[in-house]
Structure formats: C-alpha cells, structure tokens
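The values are calculated or read from the model by the stated rules, or taken from the named source; none is laboratory data. Every value quoted in this text rests on a predicted model; they were computed, and no experiment measured them. Here the Cβ is made from the backbone with ideal geometry for all residues, glycine too, and neighbour counts use every protein chain on show. Remember, those area values only see protein heavy atoms, side chains included, never the ligands or the DNA or RNA. Shrake-Rupley method; radii C 1.70, N 1.55, O 1.52, S 1.80 Å.
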Amino acid sequence: MENKRRIQRVPIFLIVLSVLAMAAYPIPSSSIPVSNHSGTSVDAEICRSLQDTEASFQIGPLSETTSAGEELKRFYADIQCHPVWSDDKGVDSRALFVIRAIKQAEEDGLESYDPAYNLEAIVVLMDRISSDPSFKKSPVLLAQLDILLTDAYMMLGKHLYDGIVPHTERSSLWKMAPKKTVDMPLNLRQALRNNTLLESLGRLAPSYPEYKVLKTILVRYLRIQENGGWKTIESASTDPKEIERALGEEIKERLRTEGELAPEDNSIEGYRDALKNFQKRHGIYPDGKVGNTTLSKLNISVEEKILAIRLNLERWRWMPEKREETYIAVNIPDFSLSVVEGNARLMKMRAILGKEERETPIFSAEMRYFVVNPYWHIPSTILWKDILPKVRENIRYLKKERIRIFKQGDESGKKEIKPASINWKKANAAAFPYILRQDPGAKNVLGRLKFIFPNPYDIYIHDTPSKYLFEREERNFSSGCIRIEEPVKLANYLLENASNTGDDTNISDMIARGKNKKIPLSKPMKVYINYWTVFTDDEGRENFRDDVYGYDGELADILGWSPERPTR
C-alpha cells in the first residue's frame, strides 16, 4: 500500500530553490486562483475536488480534457483518494521529481510551460506552502497540489508515449495504425511503488535510436540559439564567385557556428570541405560553391531548425512501439529508400516519390512478393488524366506503348479488345467496362521489377525506364508510387528470402528471359514510408530536408508552434 511507503520530507530550502529555479517562467501568483476553504483531511479534499468540476484551482487539461479527468478519478479511486505527493508532515520530495521531469521535457521537444503540465499552478502552490507556515499542512492546498502533480505526470507521460496531437487530428498526415493506449494510472502507481518516477517517464518515450539522437541534436541547437545563433547573409549577386568574394568571411563564420568548420582552420581546402559537408547535409549537390540554393540553406535560422527537430520528434512519438529487426524504410523528404538490419543500414538508394497533387502517403505494410517483368494495370486516375488524352489524339499510341485492352474482370488477359472497337471520344470514367494493361518490356512504366506490399492506397515500389530523373535533387515526379534507382540490388537482397524460385537464382537472368514471374517471400518484410525532414546519416551527422508536402507546416499549425516562440 502506498500509505505505508517510506517518505522523505522536502526541506523548506529545497522547495524555495525549486521555486527560484523557475525564475525563467514569469508567474504572477495573483493570476492563479487558489481556494483555501477548510477541509477535514487531504483525502477528503482530493475526493471533493475531483467531484467538483468547477473547482477554482483547476486549469488547463484538468478542466478541459475529459480523458485526463477520467484517468485522475480512476487513479485516486484505486487508492481511496490518498495523497501521493504529501502526508501529514507536508510535501514529499518526489514532487520535485515531477517539476524536474517537466523541465526536462524540453529535451524531447515539448514545452515546459505548456498548460497541460500545470507548471505555473504547481509552482504557485509550492511557493505558498513553503512560504507560509499556516499553509504547510493545509488539506485544501495539499489536495490541490497533489491533483495537479498527478495530472502533470500523466499528461507528460501520454505526450512522451504517443505525442501531443490526437489521432483524429493527424489522420491527414499519418496513415499508420495507432499505438495501443498506455495506462497512465497503472504506470504512476508502479513508479511510486518502485521509486522510479523519472525513469518511468523516460521509458514511455520512444526507444528508437533515431529519437535519442534527435534529442541530442536538439540540445546542441538550443545551445547555439542561447549563444545568439547566426546572422543572415545578404547578397545582391547570384554568381557564386562574387558571393564568396564579398561574403567569404561571413560564410566561414556561419559554417563555424554550426560546427562545420573548425575555428582555427583558415585554409581554402578546409573551407571547401566544410561547404561540401554542409551541402550534403541539406540535400544539395556538393560542389563546394555558394550558389542561390546553398545561400538559402545557410540562411535558415537556428530557430527554424529547432522547430523542425521538434516536429520530427513529435512524429517519432507516433511510430509503433516496436519495429522489426529487418525492414525497408522510405523517407519522402530525402527521396530515398533504405534496407535496415539491426539498426545498421545495408543499402540506400535514390527514390522518386509522389508529386504534390498525388502525394505518397505515410503508412506501413508488409512486402509479400515481387514481380520480375511486370505488367502494368493502368490505374483509373492515370488512365483518365494521362493516357486517354493521348489516345484521343492518336489511337496508335496504345500499340506504340504496348498497351492492351481487356474487359473488366478479365485480369488474366485471355480476351483482348481491339482499340478501334471503342468510341474513345465518348468514353467516360463512370461507365468504362475495360482495363488497360501494358506488357512487360523496356517501355513498361514499372520497369523490370515491381515490389508489392498490399495496402489500401495501391502504392508499390518499382523500377522505371526514366533513369535520368534520379539526377534531380528534388524527385517528386510519380503518381504516388515509389520508383527506385537500384531495383536489381533490392531484388537480389530479397531473393535470399524468397520461395518457389525454381532454378532461378539470378535476377538479371530472369529479366533477360522477358517472362512475367511472381517471386513470393517466405517471410514478409515490413515497409515503412515516413516523413523525416531531420535525420542523421551513416556518419551520424544531422541532415535537414525541405518540407516537400508542407507536412511540417501543417503539424506546426496544429500544435501552435512557431520558430519565434521561445522553447526554454
């Protein structure tokens, strides 16, 4: 039982120090109403306060979020309204752990001054209890403080575990299945019993290495911000040589501020290497010259980078609790696909993703098989927007592109329909009884390989004959599916996990035969399609990418975050 635990008392000077430590948070005590009517006991006051939905001390989620209120009631009902942060001698030292956890939440990209964590009210109450002996054992104040601390712990735990944004508000940004609900009342009871308050909150945050690295990156950029950040570099010229001639020292100082160039390095080689590294980290071709694109990246403020890191930390909190040992990862802003085994990247290749009007969705699914020399069953959207106008212009387009026509339902393609038998001018999407299928071959839009992971969005990974597009820095040209630069490399890797391949052990030989062949995987492989605008590369360096679909901006609007808002 919690009421029989060994409790440490909080010396008055520690409470005062904890209040002084909040000096960075301007808290006018008069703005936080605190009632002080008499009560019989702290237990009774807790029960009364939880039943009184209009209690004057209740602020933030305590009065606005029904789920938090219900969890509070369940938590205290399970312990008969017994206080967990104080006893008849006063406030328990563990209250300081909650305040410390709220302050440390900034390292996870959260805001300590978020009303959800009741920090202002908690500090005011602790100040009042510590400064006036008559309040030290006040059942009303101790009850209010107890509820606020419990609510803060549970809200912080929820945010660390599953993010701030409710599932209903992230549906347009995130199609992955939600996590199972965390039982915060049970979590708190266990933490109190085991004296592991801080550890219990830390365990709720994502355990992914990427999340932990992002936290260290955030702390580093917060320090840069505290030291003044960097200046905007103004240039009227667009010529790299003129920009560097006029602004070379400013550019060097900018690179030094972010740690790209050593303070003592004044060599041309060091400068060029630093500039190339900066370009690589920002998805720019590393030519070592300061053109318009590079200058625009140099002028991204430290506040903007901090905001991007925080938004990515929030998205990581939406990820499933656990991830498979081996998986395929697609990062939309980086236009890349990777194969990962045990947190080690085995391969990475360039990818082409959906254009803005046909965005590649964020979701996960299991790859079940891949196809060598695939047919392309033309989706209705592409048929009406892209193919039909060309057919109406010249019916020979179908033969040229090796596109055949079959009746709906004839998926095996046993009875081909002649193009001339269809009135293409009157054809409409509402009543079109045909399917169009492109034969395998060099002209096939899917290239020579197609990788299937069944999903509601009809998204798959495939080869492409348009290899030149991989040379572009921004590669959002597809209709939603994912084209990859090295499909044979991926297929050969998957072949080790394939079944029923017969005598075929080489993908290139299969392709050369020209025959359509389905290769099932003996064990499905998870595919994660994600949206990371900040991540680390294989050298552990932070990388920043453009918000190609505007998802960072949309998420920032939902959260009410902006670069101008202080984070500490």
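Residue-normalised convex hull volume from the C-alpha trace of the stretch 413-492: 173 Å³ per residue. Annotation: peptides 98-109, 399-410, ranked by per-residue average of other Cβ atoms within 10 Å with the highest first, follow the order 98-109, 399-410. Grab the beta carbon distance between residue 257 and residue 171, set R0 = 51 Å, and tell me the FRET efficiency rounded to 0.05. The pair residue 257/residue 171 has a calculated efficiency of 0.85. With contributions of -39500 (n - 2.57) from each DSSP H run of at least four residues, the per-residue ellipticity at 222 nm computed over the chain stands at -11000 deg cm²/dmol.
Taking the chain as the reference, fit the longest principal axis to its C-alpha atoms, fit the long axis of helix 184-194 to the helix C-alpha atoms, and give the angle between the two in degrees, 0 to 90, nearest 10. The angle comes out near 60 degrees. Here's how it looks for residue 477: its modeled amide H is under 5 Å from those of 353, 355, which are all 5 or more places away or on a different chain.
For residue 483, the residues whose amide H sits under 5 Å from its own are 352, 462, ignoring neighbours fewer than 5 places away on the same chain, with H placed 1.01 Å from N. Backbone amide hydrogens, once placed in the peptide plane, bring residue 87 within less than 5 Å of 92, excluding anything fewer than 5 places away on its chain. Please compare each pair in 73/158; 450/517; 179/322; 385/407; 175/489; 355/385 to a cut-off of 18 Å on the Cα-Cα distance and tell me which ones are over it. Cα-Cα > 18 Å for 385/407; 175/489; rest within.
Convex hull volume of the Cα atoms of the stretch 253-412, normalised per residue: 230 Å³. Modelled spin labels at residue 425 and residue 292, positioned 7 Å past Cα toward Cβ, are 4.5 nm from each other. Using a probe of 1.4 angstrom, how much of the accessible area of the stretch 335-458 is carbon and sulfur, in percent? Summing carbon and sulfur atoms, their accessible area is 48 percent of the total for the stretch 335-458. Against the set (i) 34.6; (ii) 51.8; (iii) 32.6, the structure's computed mean projected area of the Cα convex hull in nm² falls on (i). I need the calculated FRET efficiency for the pair residue 234 and residue 471, taking r as the beta carbon distance and R₀ as 41 Å, to the nearest 0.05. About 0.85, to the nearest 0.05. Rolling a 1.4 Å probe over the protein heavy atoms gives the stretch 415-477 an accessible area of 54 Å² per residue. Counting only alpha carbon atoms, the long axis of helix 139-162 and the longest principal axis of the chain meet at about 10°.
Counting only heavy atoms of the protein chains and using a 1.4 Å probe, residue 238 has close to 100 Å² of accessible surface.
The angle separating the long axis of helix 66-78 from the principal Cα axis of greatest extent in the chain is about 50 degrees.
The label point for residue 515 and the one for residue 418, both projected 7 Å from the Cα toward the Cβ, are 3.2 nm apart.
Measuring between their Cα centroids, the stretch 90-168 and the stretch 355-383 lie 48 Å from each other. Here the Karplus relation 6.51 cos²θ - 1.76 cosθ + 1.60, evaluated at θ = phi - 60°, turns the backbone of the stretch 200-212 into coupling constants of 5, 5, x, 6, 6, 5, x, 8, 4, x, 4, 5, 5 Hz, with x for every Gly and Pro.
Pairwise alpha-carbon distances in the stretch 435-568 exceed 20 Å for 61% of all pairs.
Of the heavy-atom accessible surface of the stretch 481-541 (probe 1.4 angstrom), what whole percent is carbon and sulfur? Provide the component values of the computation, followed by the final result.
Numbers: 1260 of 3010 Å².
Answer for the stretch 481-541 is 42 percent, counting heavy atoms of protein chains only.
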